(Lines give C-alpha, C1' and ligand atoms only; values in the text may rest on other atoms or scores of the structure.)
Protein backbone atom coordinates (compact mmCIF):
# COMPACT_ATOMS: atom_id res chain seq x y z
CA UNK A 1 0.00 0.00 0.00
CA UNK A 2 1.49 3.37 -1.01
CA UNK A 3 1.21 6.57 1.02
CA UNK A 4 -1.81 7.86 -0.90
CA UNK A 5 -3.67 4.57 -0.48
CA UNK A 6 -2.83 4.54 3.24
CA UNK A 7 -4.22 8.05 3.70
CA UNK A 8 -7.37 7.14 1.80
CA UNK A 9 -7.82 4.11 4.06
CA UNK A 10 -7.64 6.41 7.10
CA UNK A 11 -10.10 8.83 5.47
CA UNK A 12 -12.43 5.97 4.65
CA UNK A 13 -12.26 4.11 7.95
CA UNK A 14 -11.55 6.78 10.59
CA UNK A 15 -12.29 10.28 9.26
CA UNK A 16 -15.35 9.20 7.26
CA UNK A 17 -18.18 10.33 9.62
CA UNK A 18 -16.78 13.87 9.63
CA UNK A 19 -17.19 14.46 5.90
CA UNK A 20 -20.98 14.32 5.99
CA UNK A 21 -21.07 16.72 8.95
CA UNK A 22 -18.70 19.18 7.26
CA UNK A 23 -20.55 18.93 3.94
CA UNK A 24 -23.88 19.71 5.60
CA UNK A 25 -22.35 22.63 7.52
CA UNK A 26 -20.91 24.02 4.27
CA UNK A 27 -24.26 23.70 2.49
CA UNK A 28 -26.08 25.31 5.40
CA UNK A 29 -23.67 28.25 5.43
CA UNK A 30 -23.98 28.68 1.66
CA UNK A 31 -27.78 28.45 1.65
CA UNK A 32 -27.59 26.51 -1.61
CA UNK A 33 -28.88 23.12 -2.66
CA UNK A 34 -27.80 23.19 -6.30
CA UNK A 35 -25.24 24.91 -8.54
CA UNK A 36 -21.52 24.23 -8.89
CA UNK A 37 -19.16 23.12 -6.12
CA UNK A 38 -15.36 22.81 -6.18
CA UNK A 39 -13.46 20.59 -3.72
CA UNK A 40 -9.88 21.92 -3.55
CA UNK A 41 -7.12 19.46 -2.65
CA UNK A 42 -9.78 16.79 -2.73
CA UNK A 43 -7.63 13.71 -2.15
CA UNK A 44 -9.94 10.73 -2.53
CA UNK A 45 -12.94 13.04 -2.93
CA UNK A 46 -14.77 12.31 0.31
CA UNK A 47 -15.80 15.89 1.12
CA UNK A 48 -16.83 16.98 -2.37
CA UNK A 49 -18.76 13.79 -2.96
CA UNK A 50 -20.44 14.16 0.44
CA UNK A 51 -21.60 17.60 -0.72
CA UNK A 52 -23.00 15.96 -3.86
CA UNK A 53 -24.79 13.31 -1.79
CA UNK A 54 -26.34 15.94 0.50
CA UNK A 55 -27.51 18.24 -2.33
CA UNK A 56 -28.11 18.50 -6.06
CA UNK A 57 -24.82 20.29 -6.73
CA UNK A 58 -22.49 19.48 -9.60
CA UNK A 59 -19.08 18.86 -8.01
CA UNK A 60 -15.58 19.24 -9.45
CA UNK A 61 -12.76 17.50 -7.57
CA UNK A 62 -9.40 19.28 -7.88
CA UNK A 63 -6.07 17.83 -6.79
CA UNK A 64 -2.45 18.21 -7.80
CA UNK A 65 -1.81 14.46 -7.52
CA UNK A 66 -3.10 12.20 -10.28
CA UNK A 67 -2.99 9.14 -8.02
CA UNK A 68 -5.43 10.90 -5.66
CA UNK A 69 -7.80 11.57 -8.53
CA UNK A 70 -7.55 7.94 -9.61
CA UNK A 71 -8.89 6.96 -6.19
CA UNK A 72 -11.53 9.70 -6.38
CA UNK A 73 -12.58 8.48 -9.82
CA UNK A 74 -13.32 5.03 -8.44
CA UNK A 75 -15.21 6.54 -5.51
CA UNK A 76 -17.39 8.54 -7.92
CA UNK A 77 -18.39 5.24 -9.54
CA UNK A 78 -18.83 3.43 -6.23
CA UNK A 79 -21.12 6.18 -4.94
CA UNK A 80 -23.10 6.37 -8.21
CA UNK A 81 -22.28 10.04 -8.85
CA UNK A 82 -20.95 9.84 -12.41
CA UNK A 83 -23.60 12.33 -13.62
CA UNK A 84 -22.74 14.98 -11.01
CA UNK A 85 -18.99 14.73 -10.37
CA UNK A 86 -15.91 15.43 -12.48
CA UNK A 87 -12.15 15.51 -11.94
CA UNK A 88 -9.49 18.14 -12.60
CA UNK A 89 -5.72 17.94 -12.11
CA UNK A 90 -4.53 21.30 -10.85
CA UNK A 91 -2.85 23.52 -8.29
CA UNK A 92 -4.91 25.69 -5.93
CA UNK A 93 -2.50 28.56 -6.67
CA UNK A 94 -3.26 28.37 -10.41
CA UNK A 95 -6.83 27.11 -10.92
CA UNK A 96 -7.47 26.49 -14.60
CA UNK A 97 -11.07 27.71 -14.60
CA UNK A 98 -12.88 30.90 -15.68
CA UNK A 99 -13.76 33.62 -13.17
CA UNK A 100 -16.96 33.65 -11.11
CA UNK A 101 -18.06 30.06 -11.56
CA UNK A 102 -18.40 28.00 -8.36
CA UNK A 103 -21.26 28.65 -5.93
CA UNK A 104 -19.54 26.72 -3.13
CA UNK A 105 -15.85 25.92 -2.69
CA UNK A 106 -14.85 23.44 -0.01
CA UNK A 107 -11.63 21.88 1.27
CA UNK A 108 -10.68 19.91 4.37
CA UNK A 109 -7.08 19.46 5.45
CA UNK A 110 -5.19 20.68 2.39
CA UNK A 111 -4.87 24.30 3.57
CA UNK A 112 -1.87 23.46 5.72
CA UNK A 113 0.10 22.44 2.64
CA UNK A 114 -0.50 25.35 0.28
CA UNK A 115 2.94 26.80 0.91
CA UNK A 116 4.43 29.94 2.42
CA UNK A 117 2.81 33.34 2.97
CA UNK A 118 2.84 34.51 -0.66
CA UNK A 119 1.60 31.11 -1.86
CA UNK A 120 -1.24 31.17 0.66
CA UNK A 121 -2.30 34.60 -0.54
CA UNK A 122 -2.13 33.45 -4.14
CA UNK A 123 -4.27 30.42 -3.30
CA UNK A 124 -6.90 32.53 -1.52
CA UNK A 125 -6.89 34.98 -4.44
CA UNK A 126 -7.41 32.17 -6.97
CA UNK A 127 -10.20 30.58 -4.96
CA UNK A 128 -11.93 33.94 -4.68
CA UNK A 129 -11.48 34.54 -8.42
CA UNK A 130 -13.37 31.37 -9.39
CA UNK A 131 -16.04 31.87 -6.71
CA UNK A 132 -19.40 32.88 -8.18
CA UNK A 133 -21.23 36.08 -7.20
CA UNK A 134 -23.17 35.30 -4.03
CA UNK A 135 -20.96 32.26 -3.48
CA UNK A 136 -19.15 31.19 -0.33
CA UNK A 137 -16.16 29.09 0.63
CA UNK A 138 -15.88 26.59 3.46
CA UNK A 139 -12.21 25.68 3.53
CA UNK A 140 -10.01 24.72 6.45
CA UNK A 141 -9.31 21.93 8.86
CA UNK A 142 -11.20 20.06 11.55
CA UNK A 143 -13.68 17.23 12.00
CA UNK A 144 -17.01 19.02 12.26
CA UNK A 145 -17.79 18.85 15.98
CA UNK A 146 -16.23 18.11 19.37
CA UNK A 147 -17.59 14.57 19.68
CA UNK A 148 -16.22 13.46 16.31
CA UNK A 149 -12.89 15.15 17.01
CA UNK A 150 -12.54 13.23 20.27
CA UNK A 151 -13.39 9.90 18.59
CA UNK A 152 -11.08 10.46 15.64
CA UNK A 153 -8.15 11.62 17.77
CA UNK A 154 -8.47 8.54 20.00
CA UNK A 155 -8.48 6.18 17.02
CA UNK A 156 -5.58 7.95 15.31
CA UNK A 157 -3.48 7.87 18.50
CA UNK A 158 -3.78 4.07 18.52
CA UNK A 159 -2.89 3.80 14.83
CA UNK A 160 -0.18 6.50 14.77
CA UNK A 161 0.98 7.61 18.26
CA UNK A 162 2.90 10.52 16.71
CA UNK A 163 -0.30 12.00 15.19
CA UNK A 164 -1.23 14.87 14.92
CA UNK A 165 2.20 16.32 15.75
CA UNK A 166 3.75 14.77 12.65
CA UNK A 167 1.14 16.46 10.45
CA UNK A 168 1.64 19.81 12.21
CA UNK A 169 5.40 19.51 11.72
CA UNK A 170 4.94 18.93 7.99
CA UNK A 171 2.43 21.78 7.54
CA UNK A 172 2.97 25.51 7.01
CA UNK A 173 1.73 26.09 10.61
CA UNK A 174 -0.52 29.05 9.74
CA UNK A 175 -3.52 29.56 12.03
CA UNK A 176 -6.81 31.47 11.98
CA UNK A 177 -5.23 34.92 12.69
CA UNK A 178 -2.80 34.37 9.81
CA UNK A 179 -5.64 33.52 7.41
CA UNK A 180 -7.50 36.65 8.55
CA UNK A 181 -4.39 38.75 7.92
CA UNK A 182 -3.86 37.31 4.42
CA UNK A 183 -7.48 37.94 3.45
CA UNK A 184 -7.44 41.46 4.87
CA UNK A 185 -4.34 42.25 2.81
CA UNK A 186 -6.14 40.91 -0.28
CA UNK A 187 -9.25 42.97 0.48
CA UNK A 188 -11.45 39.86 0.54
CA UNK A 189 -14.54 39.80 2.75
CA UNK A 190 -14.45 36.71 4.96
CA UNK A 191 -15.58 35.19 8.22
CA UNK A 192 -13.39 32.67 10.01
CA UNK A 193 -14.80 29.98 12.29
CA UNK A 194 -12.41 28.81 15.02
CA UNK A 195 -14.25 26.55 17.46
CA UNK A 196 -15.08 22.89 18.12
CA UNK A 197 -15.91 22.46 14.42
CA UNK A 198 -12.33 23.33 13.45
CA UNK A 199 -10.95 26.32 11.58
CA UNK A 200 -13.01 27.23 8.50
CA UNK A 201 -12.52 30.18 6.16
CA UNK A 202 -15.72 31.54 4.64
CA UNK A 203 -14.93 33.99 1.85
CA UNK A 204 -18.01 35.64 0.39
CA UNK A 205 -18.28 37.21 -3.03
CA UNK A 206 -20.94 39.93 -3.29
CA UNK A 207 -23.76 39.42 -5.80
CA UNK A 208 -23.62 41.49 -8.97
CA UNK A 209 -20.37 40.31 -10.58
CA UNK A 210 -20.89 39.01 -14.11
CA UNK A 211 -20.88 35.21 -13.99
CA UNK A 212 -18.80 33.26 -16.53
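The values are calculated or read from the model by the stated rules, or taken from the named source; none is laboratory data. Bear in mind the structure is a predicted one, so any value in this text is a computation, not a measurement. Neighbour counts run over all protein chains shown; Cβ positions are idealised from the backbone, glycine included.
The table below gives the values:
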item: Search result, residues across region 169-182 that are assigned to a helix (DSSP H, G or I) and farther than 16 Å from residue 129 by Cα; result: 169, 170, 176, 177, 178, 179, 180, 181
item: Candidate set: region 105-136, residues that are closer than 21 Å to residue 50 by Cα and either touching a helix residue (DSSP H, G or I) at 6+ places or on another chain (Cβ under 6 Å) or in a loop (DSSP other than H, G, I, E, B) (or both); chosen: the one modelled with the lowest pLDDT; result: 109
item: Residue list for region 61-97, filter: in a loop (DSSP other than H, G, I, E, B) and within 21 Å of residue 111 (Cα to Cα); result: 64, 65, 90, 92, 93, 95, 96, 97
item: Scope region 127-144; condition buried (at least 19 other Cβ atoms within 10 Å of the Cβ) and under 19 Å from residue 102 (Cβ atoms); matching residues; result: 127, 128, 130, 131, 132, 135, 136, 137, 138, 139, 140
item: Residue match in region 183-197 (condition: surrounded by 13 or more Cβ atoms within 10 Å (Cβ to Cβ), out of contact with any strand residue (DSSP E or B) (no Cβ under 7 Å at 6 or more places or on another chain), modelled with pLDDT under 95 and in a helix (DSSP H, G or I)); result: no
item: In region 2-32, the residues that are under 13 Å from residue 59 (Cβ atoms) and in contact with a helix residue (DSSP H, G or I) (Cβ under 8 Å, 6 or more places away or on another chain); result: 19, 23, 26, 27
item: Enumeration of residues in region 28-48 that are within 13 Å of the chain's Cα centre (by Cα) and on the phi < 0 side of the Ramachandran plot; result: 37, 38, 39, 40, 42, 44, 46, 47, 48
item: Options 121, 157, 168, 173: the member that is on the phi > 0 side of the Ramachandran plot and either out of contact with any strand residue (DSSP E or B) (no Cβ under 7 Å at 6 or more places or on another chain) or surrounded by 19 or more Cβ atoms within 10 Å (Cβ to Cβ) (or both); result: 173
item: Residues located in region 22-36, provided they are outside any helix (DSSP H, G or I), under 16 Å from residue 84 (Cβ atoms) and out of contact with any strand residue (DSSP E or B) (no Cβ under 6 Å at 6 or more places or on another chain); result: 33, 34
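Yes or no, residue by residue, for (1) under 26 Å from residue 206 (Cβ atoms); (2) touching a residue at least 40 places away in the same chain (Cβ under 8 Å); (3) surrounded by fewer than 23 Cβ atoms within 10 Å (Cβ to Cβ):
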{"site": "23", "(1), (2), (3)": "yes, yes, no"}
{"site": "43", "(1), (2), (3)": "no, yes, no"}
{"site": "55", "(1), (2), (3)": "yes, no, yes"}
{"site": "67", "(1), (2), (3)": "no, yes, yes"}
{"site": "81", "(1), (2), (3)": "no, no, yes"}
